[in-house]
Amino acid sequence: MQDLTAVRAALRAQRIETPSWAYGNSGTRFKVFAQEGVPRDPFEKIADAAQVHTYTGIAPIVSLHIPWDRVEDYTELAQFAREHGVRIGAINANVFQDDDYRLGSVTNPDPGVRRKAIDHLLACVDVLDATGSRDLKLWFSDGTNYPGQGDIADRQGLLAEALAEVYARLGAEQRILLEYKLFEPAFYMTDVPDWGTAYAHCLKLGSRAVVCVDTGHHAPGTNIEFIVAFLLRAGRLGAFDFNSRFYADDDLMVGAADPFQLFRIMHEVVRGGGLAPAVGVNFMLDQCHNIEPKIPAQIRSVTNVQEATAKALLVDAQALADAQRAGDVLAANAVLMDAYNTDVRPLLRELRVEQGLAPDPVAAYHASGYAERIRAERVGGTQAGWGA
Ligand code: LRH
Ligand code: MN
């Protein structure tokens, strides 16, 4: 049996980063259903993110997306965040929504458009400097829709050039998180489609270029925990964009569609020492709450990661290693399933009460009246969204 003191300490030290865009309106190409009380600016998004931290105790970091979260003074925004008990985390550079990017951003056939895209990436490093953030997250929608539309090899060259210029601009403590995605919005070829391509570019760039694993960005049936174990062992697992899906990049609440997969991923994280802050894995959510209330959905998502982490920490590592060494297939699998089938909710409720938090964060949020207050206060103005 695992040392519960160590398990509790690891759970107390867990940190999860929530995305500013999860608090704004979002949807699909069919419809974006606006919700009452949605933030109108990055300050209100941060205030909502602070609610998630208030009730879970483990979500004191908020990712920004530029230009969705563009403000006059990022230092002022960072100060506002601190006043709300949170801090600004990864900065996402958006080079996928400008009309100029129809045929790509850093891989666009037009050198002027490539320059524009790189300048935006560099401007986002300025934001890191202003907010004191470490991570610049880069996801490129770049790709093609028809065979022959673009030269695959040439585009890799353009991508590598752009990444090298941004990497050279980074401060000593700053990192590039390179995110891959199999498809969408491109439907034939994506320039960073999989972990191998991202990993190869990171190796070429340098030690402060690491891979971001978005759990919704793989072909169906992909063994994501293998990718996690491999990247962790290689020292290039930089971050997660946690969410879940039944089909494609559904961006549903992490753990909602496949809690067992989330457990298997967190098992490889724990086994690989990836929970230790020094290893530098950034545990982020990347979700869209198209029909459900956003703040309670984020709270639920944070506790879903917490539950999967607690189960992974309860894996009897010695018994597992013994069974694996003995080639005892069933015993080895049973060790993992015992942990997975352990109800960790009582332990987490206890831990919250110890930390002066309510045992049930979602219920506590509902009882706070915050939802009613923002619905009443946030009238007028333009609700935040993807602006697509
Ligand atoms: C792309 C992605 C990326 C973000 C966006 C909001 O699908 O996962 O991480 O920029 O979602
Ligand atoms: Mn993502």
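The values are calculated or read from the model by the stated rules, or taken from the named source; none is laboratory data. Keep in mind that this is a model prediction, so the values were computed, not measured. When we count neighbours, we look across all protein chains shown, and the Cβ atoms used for this are built from the backbone with ideal geometry, even at glycine.
With the condition kept exactly as written, say whether any residue in region 66-76 is at pLDDT 95 or above, among the polar types (S, T, N, Q) and surrounded by fewer than 20 Cβ atoms within 10 Å (Cβ to Cβ).
Yes, region 66-76 contains a residue that is at pLDDT 95 or above, among the polar types (S, T, N, Q) and surrounded by fewer than 20 Cβ atoms within 10 Å (Cβ to Cβ).
Of all residues in region 257-280 being out of contact with any helix residue (DSSP H, G or I) (no Cβ under 7 Å at 6 or more places or on another chain), at negative phi and in a loop (DSSP other than H, G, I, E, B), which is surrounded by the fewest Cβ atoms within 10 Å (Cβ to Cβ)?
Only one residue tops the list, namely ALA276.
Could you check, for region 248-258, whether at least one of its residues is hydrophobic (A, V, I, L, M, F, W, C), touching a residue at least 12 places away in the same chain (Cβ under 8 Å) and more than 16 Å from ligand 1 (Cβ to nearest atom)?
Within region 248-258 (the criterion being hydrophobic (A, V, I, L, M, F, W, C), touching a residue at least 12 places away in the same chain (Cβ under 8 Å) and more than 16 Å from ligand 1 (Cβ to nearest atom)), the answer is yes, since at least one residue qualifies.
Which of (1) under 14 Å from GLU44 (Cα atoms); (2) within 16 Å of ligand 2 (Cβ to nearest atom); (3) surrounded by fewer than 19 Cβ atoms within 10 Å (Cβ to Cβ) is the odd one out, the single condition GLN97 does not satisfy?
(1)
Looking at this structure, is ALA168 free of Cβ contacts under 8 Å to residues at least 12 places away in the same chain and assigned to a loop (DSSP other than H, G, I, E, B)?
For ALA168, the condition - free of Cβ contacts under 8 Å to residues at least 12 places away in the same chain and assigned to a loop (DSSP other than H, G, I, E, B) - is not met.
State whether one or more residues within region 201-215 are within 14 Å of ligand 1 (Cβ to nearest atom), modelled with pLDDT of 95 or more and either assigned to a loop (DSSP other than H, G, I, E, B) or surrounded by fewer than 18 Cβ atoms within 10 Å (Cβ to Cβ) (or both).
Yes - at least one qualifying residue is present in region 201-215.
Within region 262-271, is even one residue within 16 Å of ligand 2 (Cβ to nearest atom) and touching a His at 6+ places or on another chain (Cβ under 8 Å)? Talk me through it step by step, then tell me what you get.
Quick first cut of region 262-271, residues within 16 Å of ligand 2 (Cβ to nearest atom) only: 262, 265.
With the extra rule that they be touching a His at 6+ places or on another chain (Cβ under 8 Å), the set shrinks to none.
For region 262-271, residues within 16 Å of ligand 2 (Cβ to nearest atom) and touching a His at 6+ places or on another chain (Cβ under 8 Å): absent.
Exactly one of these conditions fails for ASP48: (1) in contact with a Leu (Cβ under 9 Å, 6 or more places away or on another chain); (2) of a type in the set (D, E, K, R); (3) part of a helix (DSSP H, G or I); (4) closer than 24 Å to LEU136 by Cβ. Give me its number.
Every condition holds for ASP48 apart from (1).
Filter region 2-25 for residues that are surrounded by 22 or more Cβ atoms within 10 Å (Cβ to Cβ) and part of a loop (DSSP other than H, G, I, E, B) and give the result.
Across region 2-25, the qualifying residues are ILE16, GLY24.
Looking at ALA117, ALA93, ALA172, can you tell me which residue is within 20 Å of ALA209 (Cα to Cα), small (Gly, Ala, Ser) and within 12 Å of ligand 1 (Cβ to nearest atom)?
ALA93
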